[in-house]
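Q: Would you mind keeping the following structure in view while I ask a few things?
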Amino acid sequence: MKIRSYPPVGQPISFRRNPEVSAVDELFQGLNQRWVSSGTSALALALLDIQNKSADPNKKEVIIPGYCCPDLVSAVNYAGFKARPVDLAYDDTCYAKQDLTSALSSQTVAVIAINFLGMPEPINVLRSLVEPYGVPIIEDNAQWFPMNPSEYSMQGDYATFSFGRGKALNLLGGGLALCCREWAVPEPAEQAVLTEALIWQIKGRLLNVLTLPAVYRWLEMLPFLGLGRTEYHVLTELASFPAFKKPYLSANLQQYSGLSREVEAIYRRRLSGSLLSHRLAQQDERLLRFPLLFANRRARDEAHRRLQSSGLGSSCFYAKALLDIDGLPQPSMLAASTPNAKDFAQRFLTLPTHPRMKPEHAHQICDQLLDLMG
Ligand SMILES: Cc1ncc(COP(=O)(O)O)c(C=O)c1O
C-alpha cells in the first residue's frame, strides 16, 4: 500500500503579508484592470464589456475550444450568449484553423483563446482569421501566470487570469481581467464580510496540509469528495475580489517566480520523443502541469493506472471533450462536431510539476513511462 500520494497540482498558499509593497499596482502596468472573484467572472466581465461596446447587440455566439474547462460555458451563458465549441487541431491543444474559419460569422461576439497549461494559442494566427469579422479575442490565462507581469505583453484584446485552487497563484479564488482600452463595465463593488478573511485563512492553511502527500493519499480514498472531477457550475453573480487577499499577492507571486523548474526540465528531457513535444519546443514558459499525449486510450489508461498506484500525481485532466461533460445544459451550447477534441480527451495525461515534486519523483515517473512505452 502506498504511503504517500502526490496531488496532480498544488501550489501551496503563502500567508506572508506584504501590505507596503503593492505588488498589485505593479502588476500589468499600463493595462486597465478589473479584479473579480474568479477566472470565470473575469471572462464574463470581458464578454459584458464587449457587448456594451458593440455596435450590434444582437450577436449571440462565443467561440470556445472543444476541449476546455466547462467554466467557459458558465461565463458565456452569464453574459447572455451561447457557446460555439470548435474542434482542436489533430494532436494539438490549439483550434483547428479550418473549423474555426467555418464557425466564424456575423453572429460571433468573441473568440476565447486558451493558454493551455503554459502553452499559448498563437494569437497572431487567430488575429488574421477573425479580422474580417472584427471579432475581439480574449486571452484566457487561467492556467498560466507570467513570471514577471510588468514585462507581460498582451496579445488579445482582453486577457483574463485566475487565482483559484490549483492555479499558478493560488489564493483560493479570485480573478483578473485586463483590457488595453477603457472598460465600459464597472468593477463589482466589494461587500465586505468581517469573518471572511478569517475563514479564508483557516481554509487556506487546511488546504496546505491536505495536499501534503502523506495526507492526500487518505483523501483519494474518499470517492464522495470527487477530487479532480470536472463539473459544470452555473455562474450566478459577478462578485468582487476580496481586498483582504491583496496583501498576499506579492509573496505568492515571489514564491511562484522563485520555484525550481528542475522537475519540468527532467520531463522535457526524458520524454522529449512524446507527442505534443513539438508544441513544448515552441516555448519555454513554466508549465502548470506537464502535458502528455499517448498513442491511444489504452496506453494512456495503463500509464495513469501505474502512476496512480505509485502515488505519482498523474491526471486525465478534464477526461472528456466539452460536449460530453455531464450536466452541461444543452441550450447553453450550439451543436458541434469535435472528433479531435474527443480523441484528445481519451489520450491526454498530465504529470505534476508543483513544488512538492522533487527530481527523484520526476525520474520515477519517467522510468515508469519509458518502461511502458517500450
Ligand atoms: C481555461 C480556464 N478558464 C477559466 C477557468 C475558470 O477559473 P476559476 O476557477 O477561477 O473560475 C478555468 C478553471 O480551471 C480554466 O481552466
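Q: From the list Asp87, Asp99, Asp91, Asp25, pick out the single residue that is more than 27 Å from Asn148 (Cβ to Cβ), over 22 Å from the mean Cα position of the chain (by Cα), away from the ligand (no atom under 14 Å from the Cβ) and of a type in the set (Asp, Glu).
A: From the options Asp87, Asp99, Asp91, Asp25, the qualifying one is Asp99.
Q: Scan Leu235, Leu206 and give me the residue that is of a type in the set (A, V, I, L, M, F, W, C) and either touching a residue at least 60 places away in the same chain (Cβ under 8 Å) or within 17 Å of Ser315 (Cα to Cα) (or both).
A: From the options Leu235, Leu206, the qualifying one is Leu235.
Q: Same structure, new question: Among the residues of the stretch 139-187 satisfying the criterion of being of a type outside the set (S, T, N, Q), more than 13 Å from the ligand (Cβ to nearest atom) and over 18 Å from Lys53 (Cα atoms), which is surrounded by the fewest Cβ atoms within 10 Å (Cβ to Cβ)?
A: Taking the candidates together, the pick is Glu151.
Q: Is it true that some residue in the stretch 76-86 is in contact with a Cys (Cβ under 9 Å, 6 or more places away or on another chain), β-branched (Val, Ile, Thr), crowded, with 24+ Cβ neighbours inside 10 Å and farther than 28 Å from Gly273 by Cβ?
A: Within the stretch 76-86, not a single residue is in contact with a Cys (Cβ under 9 Å, 6 or more places away or on another chain), β-branched (Val, Ile, Thr), crowded, with 24+ Cβ neighbours inside 10 Å and farther than 28 Å from Gly273 by Cβ.
Q: Evaluate the stretch 37-46: report whether one residue or more is part of a loop (DSSP other than H, G, I, E, B), more than 14 Å from Arg181 (Cα to Cα) and away from the ligand (no atom under 16 Å from the Cβ).
A: For the stretch 37-46, residues part of a loop (DSSP other than H, G, I, E, B), more than 14 Å from Arg181 (Cα to Cα) and away from the ligand (no atom under 16 Å from the Cβ): absent.
Q: State all residues of the stretch 201-253 that are of a type in the set (S, T, N, Q) and surrounded by 14 or more Cβ atoms within 10 Å (Cβ to Cβ); if no residue qualifies, say none.
A: Gln201, Asn208, Thr211, Thr230, Ser240, Ser250, Asn252
Q: Using beta carbons and a limit of 6 Å, which pairs, at least six apart or on different chains, have the first residue in the stretch 46-57 and without any contact (Cβ under 8 Å) to a residue 40 or more places away in the chain and the second one surrounded by 23 or more Cβ atoms within 10 Å (Cβ to Cβ) and assigned to a loop (DSSP other than H, G, I, E, B)?
A: Taking only residues 6 or more apart or on different chains, not a single pair turns up.
Q: Return a yes/no flag: does the stretch 94-105 have any residue that is β-branched (Val, Ile, Thr) and closer than 29 Å to Pro8 by Cα.
A: Among the residues of the stretch 94-105, not one is β-branched (Val, Ile, Thr) and closer than 29 Å to Pro8 by Cα, which makes the answer no.
Q: Of the conditions (1) assigned to a loop (DSSP other than H, G, I, E, B); (2) touching a residue at least 12 places away in the same chain (Cβ under 8 Å); (3) of a type outside the set (Val, Ile, Thr), Arg229 clears all except one; give me its number.
A: (2)
Q: Could you list all residues from the stretch 104-123 that are under 28 Å from Asn296 (Cβ atoms) and crowded, with 19+ Cβ neighbours inside 10 Å?
A: Ile114, Asn115, Phe116, Leu117, Gly118, Met119, Pro120, Glu121
Q: For the stretch 218-234, what are the residues that are modelled with pLDDT under 70 and at positive phi?
A: The answer is Gly226, and nothing else.
Q: Within the group Leu219, Leu194, Leu206, Leu235, which residue is of a type in the set (A, V, I, L, M, F, W, C), farther than 27 Å from Asp25 by Cα and part of a loop (DSSP other than H, G, I, E, B)?
A: On inspection, the qualifying residue turns out to be Leu235.
Q: Of all the residues that make up the stretch 47-69, how many are within 9 Å of the ligand (Cβ to nearest atom) and either in contact with a His (Cβ under 9 Å, 6 or more places away or on another chain) or more than 27 Å from Gln98 (Cα to Cα) (or both)?
A: The total comes to 0.
Q: Answer yes or no as to whether Thr338 is modelled with pLDDT of 95 or more, more than 23 Å from Leu287 (Cα to Cα) and touching a strand residue (DSSP E or B) at 6+ places or on another chain (Cβ under 9 Å).
A: yes
The values are calculated or read from the model by the stated rules, or taken from the named source; none is laboratory data. Owing to the predicted nature of the structure, the values given are computational and were not obtained by experimental measurement. Every residue, glycine among them, receives a Cβ derived from its backbone with ideal geometry; neighbour counts consider all protein chains shown.
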